[in-house]
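Worksheet: the structure to be examined is printed underneath.
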Amino acid sequence: MKQTILSAKDLCKSFAHNGGQLHILSHINLTLYEGDFTVIMGASGSGKSTLLYALSGMDRATAGEIIYQDSNLATISEKKLAELRHTDFGFIFQQIHLVSNLSLFENIVVPGYLNKQSSASEINARANSLLEQVGISHVKTHLPSQVSGGEQQRCAIARAIIHQPKLLFADEPTGALNRRNTTEVLNLLTDLNTRGQSILMVTHDMRAALRAGRILYLADGTIIGELSLPPYSAEEEKSREAQVNAWLNSMEW
């Protein structure tokens, strides 16, 4: 039986707007499981990124519960949320946010040092291993401006997992990449998942969605559909794409 890693109950998010309330998320109920690669899809403005930020504690929910290890992320202190982001959660974004005057190696190790759960030598060794794993060890002394967008994003992924997070959040991680770099990043995320990394990804990209074992469809701030898929196989991508396309059409994507 799959183990729950994070769950939400009656999750709502609203913003003040023109003297009233703009409702972005409405009574979301979902469960994320250890080892799953879950993708959230939906039209622009459906609340995908807002949901990811709320679930990760990067933004406060207006109402409802987000349960992680017996803590409600909707109500715990900012200090505790910050600790969880340092220790248990990893983040990848469309805008890569590498520090421009640090090398790729330095960009990876600094969050590990700040975590303070391992020694500097352990962090350095882990960073070198990750650089090999993501295929950029040959440019580890380069600045972000000296490498491609795909290499920057692979560095960002290594940075996100240097502290061995229990759950990796990814917000449109391939949105700014060309086709070749997109494939490289998706292959890396798929490999991480096969090694046991739990991933929650928001995307509008079909190529990215095909890597999921589970797709949730969001419309008007509510989850209206769910599709389960077998583990990704490049050899079966065509049939997988046809299945996902048919399902998305039924969601009126």
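The values are calculated or read from the model by the stated rules, or taken from the named source; none is laboratory data. Just so it is clear, the model here is predicted, and its values are computed rather than measured. FYI the Cβ positions are ideal-geometry reconstructions off the backbone, even for glycines, and counts take in every protein chain you see. When the accessible area is computed, the model is the full protein with side chains, heavy atoms only, and any ligands, DNA or RNA have been set aside. Shrake-Rupley method; radii C 1.70, N 1.55, O 1.52, S 1.80 Å.
Karplus-derived 3J(HN,Hα) values for the stretch 206-212, using 6.51 cos²θ - 1.76 cosθ + 1.60 with θ = phi - 60°, are 4, 4, 6, 4, 5, 7, 6 Hz; glycine and proline are entered as x.
Taking amide hydrogens as placed 1.01 Å from N in the peptide plane, the amide H of residue 225 sits under 5 Å from those of 217, each at least 5 positions away in sequence or on another chain.
Normalised by residue number, the volume inside the convex hull of the Cα atoms of the stretch 128-253 is 124 Å³ per residue.
Once you order the gyration tensor axes a ≥ b ≥ c over the Cα atoms, which shape class does the stretch 7-82 get: rounded for a/c under 1.5, otherwise prolate or oblate by comparing a/b with b/c? Don't skip to the answer; put the middle values down first.
Details: a/c = 2.00, a/b = 1.23, b/c = 1.63.
It is oblate, given that a/c is not under 1.5 and a/b is not larger than b/c.
May I ask you to derive the FRET efficiency for residue 241 and residue 79 from their Cβ-Cβ distance with R0 = 35 Å, giving the value to the nearest 0.05? Taking R0 as 35 Å, the efficiency between residue 241 and residue 79 is 0.20.
Given the pairs 2/79; 2/116; 9/80; 80/140; 48/116; 2/80, which span a C-alpha to C-alpha distance of over 28 angstrom in this model? Can you show the working numbers first?
Working: 2/79 30 Å; 2/116 31 Å; 9/80 20 Å; 80/140 33 Å; 48/116 32 Å; 2/80 26 Å.
Correct reply: 2/79; 2/116; 80/140; 48/116.
For residue 24, nonlocal amide neighbours, meaning residues 5 or more places apart or on other chains whose placed amide H falls under 5 Å from its own, are 13, 14, 15. Surface calculation, 1.4 Å probe, protein heavy atoms: residue 80 sits at approximately 80 Å² accessible.
Whole-Hz Karplus values for the stretch 57-67 come out as x, 6, 9, 7, 6, 7, 7, x, 10, 10, 9 Hz, taken residue by residue from phi with 6.51 cos²θ - 1.76 cosθ + 1.60 and θ = phi - 60°; glycine and proline positions read x.
Which value, in nm² and rounded to one decimal, describes the direction-averaged projected area of the C-alpha convex hull of the stretch 94-179? Intermediate values should be presented prior to the final figure.
Details: hull surface 22.1 nm².
Projected area, direction-averaged: 5.5 nm².
Counting only protein heavy atoms and a probe of 1.4 Å, the accessible surface of the chain is 48% carbon and sulfur. Find out how many positive minus negative residues lie around residue 47, taking Lys and Arg as positive, Asp and Glu as negative, among other residues whose Cβ is under 10 Å from that of residue 47. Net of charged neighbours comes to +1. Each residue of the stretch 105-113 is assigned a 3J(HN,Hα), and the resulting list reads 4, 5, 4, 6, 7, 4, x, x, 4 Hz, derived from the Karplus form 6.51 cos²θ - 1.76 cosθ + 1.60 (θ = phi - 60°), x at Gly and Pro.
Taken per residue, the accessible surface of the chain reaches 48 Å², heavy atoms only and a 1.4 Å probe.
With a simple spin-label model that places each label point 7 Å from the Cα along the Cα-to-Cβ direction, the separation between residue 17 and residue 121 comes to 5.6 nm.
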